[in-house]
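To start, the structure itself, in structure tokens.
A short reminder: the numbers here are calculations on the coordinates, not readings from a lab. As the structure is a prediction and not an experimental result, all values here were calculated from the model. Don't worry about glycine lacking a Cβ; one is built from the backbone with ideal geometry, like all the others, and counts go over all protein chains shown.
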């Protein structure tokens, strides 16, 4: 810490190389600069307080190493930075706020009070600036670290101030910034207080999962799967070796969101909106998420400092990797590996599709995507309250009251039951199109039937029943070795769902009874198919595994034509389910196109 | 198709005299087996042999019941693949599952549902002729479960059903399948003999016939296909140029090619396989040349700096890559590994090769 | 080929033969109907070249004999839209285009070479067995539903026909149930064959048309095909090769309880119970209690469903023997009750886990054996 370079004025040629542009755009940008400075100062606790969305007041306090008294005045000079010494250093950025504009720009746009005290000093230095000019300088008693208070942002720039959005939206933007840093720096304790209310508090324990819990809630955090991958490759024409390490936490496929806001990418400790990397994350989920939905993920990328260029965007949010393909591949591999080893998804994890992060200020970028059923009206901010218009449909009218009721429920309760849906027809002999109280719903017939049967079979097992259809004459079935092993290993669970199978010679078994739901099928084949499916059902265990397998084998298949009565019966049964939104494997059973989404799509509003 | 019946052999399956005679004798003696396995590389005559056998059974000639009457309607329907009693089971074929469409679902194997259909149809009496014939074209492409499902039908075929299994790679078959079939290995002709046949049947000049015989590895069907389809010759030409260039190329160029082919694999499996096969053919030529045997002139050039061991290593690398590709390993990875194992020729040696590396 | 026929006849014929057309096939021509004009009639034929062929003969004024195949779907759809008038058809031999005209409607449909059509096997023989059509229809209805739809043992996807001196016995079983129907016939033949259930379902449809009449049954000399001639229609089916399991031993010889109820009432209560048991397992529980003194015997039918509630139906019954408890798959019960040709049915049971037997009361032609379900009481 003693050999830290002191704050210096950047040589003009270096300053010129730095991309120009607006640094301070909105309160969130101020918070970002100040938080980065605090992190550079080695802080372990960072407290952010804002009032009026940050436009009225922002205060960032840290317990870092502070600024020595003789350098306090220099701190607000343009292109003053203690972090870059030469052009070469630009390419080896190890610290965060390397550009000197930060404090100067803030000082130019607001009133600033600085109190700082290096731990070695006995007293702290104070500085008060007004519209970029030093008004007062002095010393005062202070805790070690730095506290910067920014008031009346853009007071001198009324045009800019007008552009600020509603307090709530600015608060959310600040929250998003703090959340990003809390995720990037799990070892630092962050606290955000907005208008006197605590909005976020991360423990600073060093465990990324705890940081996620502070932001997305404990439930989401617990569901995340650890992801890791490391790659290296020789670079053509260079002695260098391209390296990349990815560590992180990724959500199981059952956890998805309407926007990409819950994909957090951290590169060398810098939180970035790595647009180029988002596809890598999502490719890892290829085929696992419903269309238009996005995963929850925290991706931490580490590459040698000279293999990343953070100087692409004035706000430093975009990075450019020298070996982007390698990074891309590593990210994808990490995600894939995590998902393929995932085995601990709770079978009845509440439907999280509807869980909207409180820090998400992006107003649901994917407003035109089909959200999961029961997603509340697109943004919690600006939507007018729902109005039930009569005459749209009988069901809609009849259920308008209950719908508004549902809308008011907190997101966590949205995994509940679905109303009875009115079937309109079948698409591709695979999906049932149905009218709901709010727009239309597409139901995956296989997934839905699986859910229905799964709950029925489990209820029967719980009740000690064993709906089994004995055979008129027993049937000899020949099994493969893995099938026989599964049968031997899970005999009790298989009996619980209705199988009655006895070993015969070698690979042959005698089937005496089949689960009632499989009655009527070819017995030997049904047993072999059942065991093959059981093998694939790795996520569950015990009777639940046997039940899920039975549900899968007995359910209608994609491609089966269903008549109107069958469609209705299936939807009715689904409405009676406890967890109707997902099949036993966690895949969604339905997609919802709300009336609001329909109206938007057709330009009706 | 009729002109060849006398000189080549009775069924016109050029080069496969022995299997033809065995089958004719079995028909004459009434001891035809219920299942045959015709083994041999692509273009050797497996499908033609199966077709002629079926035609002989369905439409025997009036004079000799061991010969097909190829002028009959029934024989011609079989020739055109439009016969009701002969069913061909191959990748992408039909099955009884209403929701399956293997012609569009990118099946890479013969699926169990197709074998179940076979089982069902086989249990029915033939419709118009005396026996139902099933040709499993690509028995080495049977899904393992499909192979198991086939065992039962092979063991006790219902009625008079005749099963003909065609396979290029008999090692890929379950031993239990092989043991239930009468196996017939179709072998390539000597290059000289094939060249002769080509001159007789395709009226090719001697030099061209010999080159074609060589390229076709002594397989009559393949030679005729190459003769009829000039695009195959072009593909062969470019693949050969590429393999020669690769032998002189650095790691980066090799990896680029591996990458390109590897990503093409998922879209155009067939053409990638053909390319890899052509590379294998090339290294086989080089191996011949390193051992001092007759080979294509370019192969002799390339062999100059190589030992037979080098060529064997290259050949093995290509073979391994091919196996990995078919075994669903990551295609780029399989090809990259192969690239690492190919010997490196210095760019200066040998004749200039067209395109990049050819700086003599 | 140049002919004229009535729209009604052609429409009926095309609908009848279209049933033979396969949903998927390796042979595109099987999607066609073969039309052959000769003498004073037009013969329509279709086949899946696998299991069945159906031909249908209609009256026609044949000005010029000839034959052609036409895509079944196309010509059926077109003819269905025509008025009930005379249709004329003319084939342009070289282009294989058929011009159809009916009043003011005309169409031209392209066909294929009739010689490429799979040969429709026909069996000519004097040794045809003659059966009353309604009898055969009942026998088919009472057995075909018990045949397996899945087919790891192809013989079970067929119905076993056993001709003996003076009688014909049809049997079908799918591992869970067995149906046996016996009827008297005039012929004295010894023969056992397995007819694909699919062919019999189609035959049942054709028989539905011939309410009275007779069916002539003929086998080809090789014993691989059977032909049913019904009025204008002829259905030829490929027999399933193999040995049908010995089913006689599956019919219980003894019973502990015999319960006789009205078919209509039993059906109604079972249907209600099935609705309540609509959960894949479809369990319908039956308790038969013998009458005591002045109390008549009764049959209680119940079903449970977690969400919907329970249902209980009570029927008057004549119960002989001990009280009996047994549970069946509701669908299996409905299947058999639907095809009973009597007003009352007798249910014979031995224990909750032994097969139950259902027989129509008043005739001994039909017996159905069904395996009960394992339930907790």
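Need one number: the % of Cα-Cα pairs in chain B sitting beyond the 39 Å mark.
Details: 14670 of 64620 pairs.
Within chain B, distances greater than 39 Å cover 23 percent of Cα pairs.
For chain C, treating each Cα as an identical point scatterer without solvent, what Debye log10 I(q)/I(0) comes out at q = 0.07, 0.09 1/Å?
-0.41, -0.64
Any idea how far the Cα center of the range C:134-180 sits from the one of the range A:107-125, in Å?
The range C:134-180 and the range A:107-125 have Cα centres spaced 96 Å from each other.
Taking all pairs of different Cα atoms in the range B:229-341, averaging 1/r and flipping that mean, what Kirkwood radius in angstroms comes out? Mind showing how you got there, number by number?
Numbers: mean 1/r = 0.0706 Å⁻¹.
Averaging 1/r across every pair of different Cα atoms and inverting gives 14.2 Å.
Using only alpha carbons, build the gyration tensor for the range B:5-185 and give me the equivalent ellipsoid semi-axes, biggest first, whole Å.
Those come to 26, 18, 16 Å.
Per DSSP helix of 4 or more residues, -39500 (n - 2.57); summed, then divided by the residues of chain C. What does that give at 222 nm, rounded to the nearest 500? Write out the running numbers ahead of the final one.
Numbers: 6 runs with 70 residues, N = 377.
So the calculated ellipticity at 222 nm is -5500 deg cm²/dmol.
May I ask for the angle, rounded to the nearest 10°, between helix C:263-276 and the longest principal axis of chain C, with both axes built from Cα atoms and the value confined to 0 to 90°?
Helix C:263-276 sits at roughly 90 degrees to that axis.
Taking 0.36 nm per residue of sequence separation and subtracting the Cα-Cα distance, how much length would be gained by fully extending the chain between residue B:82 and residue B:104, in nm to one decimal? Could you put the intermediate results ahead of the total?
Numbers: separation 22, 0.36 × 22 = 7.92 nm, distance 2.16 nm.
Contour length minus Cα-Cα distance gives 5.8 nm.
Measure off 7 Å from each Cα along the Cα-to-Cβ vector at residue C:294 and residue A:169, then give the distance between these two points in nanometres to one decimal.
A separation of 8.6 nm, rounded to one decimal place.
Counting helices only, and only those DSSP H runs with n ≥ 4, report the 222 nm mean residue ellipticity of chain B as the sum of -39,500 (n - 2.57) divided by its residues, in deg cm²/dmol to the nearest 500.
Values: 15 runs with 185 residues, N = 360.
So the calculated ellipticity at 222 nm is -16000 deg cm²/dmol.
Which peptide among C:263-274, C:84-95 comes first, and what is the full order, when sorted by highest mean count of other Cβ atoms within 10 Å? Display every interim value, and only then the final one.
Values: C:263-274: 19.4, C:84-95: 14.8.
Going from most to least packed, we get C:263-274, C:84-95.
For the pair residue A:198 and residue A:123, what calculated FRET efficiency results from E = 1/(1 + (r/R0)^6), where r is the Cβ-Cβ distance and R0 = 35 Å, to the nearest 0.05? Display every interim value, and only then the final one.
Details: r = 31 Å, r/R0 = 0.89.
E(calc), rounded to 0.05, equals 0.65.
Using label points projected 7 Å from each Cα along Cα→Cβ, tell me how many nm separate residue A:488 and residue B:340, to one decimal.
The modelled label-to-label distance comes out at 3.9 nm.
For chain B, take the longest principal axis of its alpha carbons; what is the angle in degrees between that and the long axis of helix B:251-265, to the nearest 10 within 0 to 90?
It is inclined by approximately 20 degrees.
State the antiparallel share, in %, of DSSP beta bridges confined to chain B, rounding to the nearest 5. Display every interim value, and only then the final one.
Details: 1 of 20 bridges.
The antiparallel fraction comes to roughly 5 percent.
Roughly how crowded by other chains is peptide A:508-517, in terms of the mean Cβ count from those chains within 10 Å of each of its Cβ atoms? Write down the numbers at each step before the final one.
Details: counts 0, 0, 0, 1, 1, 5, 2, 2, 11, 4.
Other-chain Cβ atoms within 10 Å of each residue's Cβ, averaged: 3.
At 0.36 nm per residue, minus the direct Cα-Cα distance, what do residue B:267 and residue B:304 gain on full extension? Give it in nm, one decimal, please.
Numbers: separation 37, 0.36 × 37 = 13.32 nm, distance 3.72 nm.
Between residue B:267 and residue B:304, full extension yields 9.6 nm more.
Which FRET efficiency value, to the nearest 0.05, is calculated for residue A:56 and residue A:141 with the Förster distance at 35 angstrom and r the Cβ-Cβ distance?
Details: r = 27 Å, r/R0 = 0.76.
Using R0 = 35 Å, I get an efficiency of 0.85.
Nearest 10 degrees, 0 to 90: what angle lies between the long axis of helix B:17-29 and the longest principal axis of chain B (Cα atoms)?
10
For the ranges A:498-510, A:242-254, what's the packing order if you count other beta-carbon atoms within 10 Å of each residue, average per peptide, and put the highest first?
On the way: A:498-510: 16.3, A:242-254: 22.8.
For the peptides A:498-510, A:242-254, the packing ranking is A:242-254, A:498-510.
For the pair residue A:480/residue A:557, report the inter-label distance in nm, with labels modelled 7 Å from Cα in the Cβ direction.
The modelled label-to-label distance comes out at 1.7 nm.
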